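Undergrad: Before we start, here is the structure in question, set down as structure tokens.
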Ligand SMILES: Cc1cc2nc3c(=O)[nH]c(=O)nc-3n(C[C@H](O)[C@H](O)[C@H](O)COP(=O)(O)OP(=O)(O)OC[C@H]3O[C@@H](n4cnc5c(N)ncnc54)[C@H](O)[C@@H]3O)c2cc1C
């Protein structure tokens, strides 16, 4: 047996919400857990920063909505308050370069497109109800649904180009990818896992309903606190070797001189808690079964940059505007009011996603800032062009996330390799929001996936439930 630096019952790889939740449940069952995290912080895709001017900015996951019981229970336990997303007033639509105002979920400047969009959402919601979020490949027409992209469906089922554009805007905001990149079966299963596509895109009554006072990352930090030095930061795992009696996990830790050295932990079981595309960079010995490896190779992350423009006050509210924008083209297809609850300053949050995110790589941060401010000014007036601060978080450039907000499964993947998503491989178990059975892609799903993986390990090790 190789010399190792540390031993533990279980190693959790990744200190995002799923890994931390798994670690907490495993520790509660009396197992000795070590969490290895590549970054110098916990939280993964949940990351709160305070700007120089004092604005609290959630660079990643931030909203909580109805039926997200795992997340709400954690907020209750840690006494973290939530407050409603600001929605009072009119929303702005920019279509064909022209600016309109509307209320409700769907822009109304083109009544035909509005009617088609409502019909398309309803049809997608009905289709989604027929697809199991846990085993979509069991649908009687799974192969046909998985052979098509969401773009194929939209071309066939939605007449008006305006409505197709609005569906694209919704898909970009939810998945960070274009409809042409998404399997229809996957999109339906994903929507059903959160109730319906409508519930994913709604603010009030949907996934964007409320925010956390002080930011979302504090939940991850509070989860990590009791684990103390069992959470090892700045320790990217590079290899997992399962010799069927135990597992050796190798992380590449920093030395004081800045160089890196391999550091190994021997354990009985491993929970890998990260998106498939990130997990695929770890070397497994023996190699993963073909289906699991293929799944990881064919599930790229969406492409998203989150931008925040900070103003001395939420001036758009004085103009009767909600701060929400829906645009049919450009960089910012969806914008929200992200000001603090007391409105002490104003914040507009925009998503650059899909093709636009990739295209704007070349212009750099200053170029993206100029494009974003131009589009905000077109929607909310000239004051929007001069924020006191502007920050961006480019998730596609983060090596330990590789994009976001979530993995986007393309055609054919679920029906050929879907069952491999959660199935343990020897002593290796899988967590992460991509493996969640409800609220896939969301913080709530990350938490429940961590508990599911912990339960698998506890059962396999013959311990009591957490
Ligand atoms: C821009 C954006 C907006 C979002 N908005 C929302 C929202 O409003 N509401 C919501 O519910 N969800 C939202 N999400 C999604 C939500 O953030 C995720 O679903 C959730 O945080 C995923 O948690 P996880 O533990 O599954 O994965 P992650 O958070 O990705 O955790 C994986 C962890 O593994 C670490 N890691 C990677 N490689 C290695 C390695 N080799 N060794 C060790 N560690 C490694 C990573 O650093 C990371 O900490 C958003 C995400 C993004 C990016």
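Undergrad: Compute the distance in nm between two label points, each set 7 Å from the Cα along the Cα-to-Cβ direction, one at residue 32 and one at residue 119.
TA: Label at residue 32, label at residue 119, 6.5 nm between them.
Undergrad: Next question. Full-extension gain between residue 385 and residue 241, please, as 0.36 nm times their residue separation minus the C-alpha to C-alpha distance.
TA: Stretched out fully, the residue 385 to residue 241 stretch lengthens by 46.5 nm.
Undergrad: Follow-up question, since we're still on this one. How much length is gained if the chain between residue 461 and residue 141 is pulled fully straight, taking 0.36 nm per residue apart and subtracting their Cα-Cα distance, in nm to one decimal?
TA: So the chain would gain 111.4 nm between residue 461 and residue 141.
Undergrad: Between the stretch 343-378 and the stretch 61-93, how many Å separate their Cα centres?
TA: 24 Å
Undergrad: Let me ask something else about it. In what sequence, highest mean first, do 201-212, 5-16, 87-98 appear when ranked by Cβ atoms within 10 angstrom?
TA: 5-16, 201-212, 87-98
Undergrad: Residue 377 versus residue 83, label points 7 Å from Cα toward the beta carbon: distance in nm?
TA: A separation of 3.0 nm, rounded to one decimal place.
Undergrad: Moving to a separate point now. Against the longest principal axis of the chain, how steep is helix 17-28, in degrees 0 to 90 to the nearest 10, with axes from Cα atoms?
TA: Value to nearest ten degrees: 40.
Undergrad: Another question about this same structure. Take the alpha carbon gyration tensor of the stretch 1-129, find the square roots of its eigenvalues, order them as a ≥ b ≥ c, and report rounded if a/c is under 1.5; if not, report prolate when a/b exceeds b/c, else oblate.
TA: Prolate is the answer for the stretch 1-129, as a/c is 1.5 or above and a/b outweighs b/c.
Undergrad: Output the peptides 454-460, 49-55 sorted from most to least packed, where packing is the average of other Cβ atoms within 10 Å over each peptide's residues.
TA: Order by mean packing, descending: 454-460, 49-55.
Undergrad: Residue 7 label point, 7 Å along Cα→Cβ, cut-off 15 Å on backbone N: hits in the stretch 17-40?
TA: 32-34
Undergrad: In what sequence do 177, 267, 17 fall when counting other Cβ within 10 Å, fewest first? Numbers along the way, then the final one.
TA: Numbers: 177 27, 267 24, 17 35.
In increasing order of surrounding Cβ atoms, one gets 267, 177, 17.
Undergrad: While we're on this one: What does the helix-only formula give at 222 nm for the chain: each DSSP H stretch with n ≥ 4 adding -39500 (n - 2.57), the total divided by the residues, and the result rounded to the nearest 500 deg cm²/dmol?
TA: Estimated from H runs of four or more residues: -9500 deg cm²/dmol.
Undergrad: So, one more: Rounded to the nearest 5, what % of DSSP beta bridges with both residues in the chain are antiparallel?
TA: 70 percent
Undergrad: For a quick protection proxy, order the peptides 42-48, 412-418 by their average other-Cβ count within 10 Å, most packed first.
TA: On the way: 42-48: 26.0, 412-418: 20.6.
Ranked by mean Cβ neighbours within 10 Å, highest first: 42-48, 412-418.
Undergrad: For labels at residue 294 and residue 76 in the simple 7 Å Cα→Cβ model, what's the distance in nm?
TA: 4.4 nm
Undergrad: Is the shape of the chain best called rounded, prolate or oblate, per the rule: a/c under 1.5 gives rounded, else a/b larger than b/c gives prolate, else oblate, with a ≥ b ≥ c the square roots of the Cα gyration tensor eigenvalues?
TA: Prolate shape, in that a/c is at least 1.5 and a/b is the bigger ratio.
Undergrad: Moving on. To the nearest 10 degrees, how steeply does helix 161-175 sit against the main Cα axis of the chain, on a 0 to 90 scale?
TA: Tilt of helix 161-175: around 30 degrees.
Undergrad: For the stretch 201-311, take the alpha-carbon Rg, divide it by the Kirkwood Rh, and send me Rg/Rh.
TA: Values: Rg = 18.7 Å, Rh = 17.7 Å.
On the Cα set of the stretch 201-311, Rg over Rh gives 1.05.
Undergrad: Can you give the relative contact order of the stretch 66-127 as a percent, counting alpha carbon pairs under 8 Å and 6+ residues apart?
TA: On the way: 30 pairs, mean separation 9.4, N = 62.
Averaging sequence separation for qualifying contacts and normalising by length gives 15 percent for the stretch 66-127.
Undergrad: Moving on. What's the angle, to the nearest 10 degrees (0 to 90), between helix 443-460's Cα axis and the longest principal axis of the chain?
TA: Here the helix axis deviates by roughly 20 degrees.
Undergrad: Restricting to Cα pairs below 8 Å that are 6+ residues apart, what does the relative contact order work out to for the stretch 308-466? Please round to a whole percent.
TA: Values: 197 pairs, mean separation 24.1, N = 159.
Answer for the stretch 308-466 is 15 percent.
Undergrad: How much length is gained if the chain between residue 159 and residue 204 is pulled fully straight, taking 0.36 nm per residue apart and subtracting their Cα-Cα distance, in nm to one decimal?
TA: The span from residue 159 to residue 204 would gain 13.4 nm if fully extended.
Undergrad: Relative contact order for the chain using alpha-carbon pairs under 8 Å, separation at least 6, rounded to a whole percent?
TA: 25 percent
Each reported figure results from applying straightforward, stated rules to the coordinates on display, with no laboratory input. On a predicted model such as this, the values are computed, not experimentally measured, just so you know. No Cβ is skipped: glycine too gets one built from the backbone with ideal geometry, and neighbour counts run over all protein chains shown.
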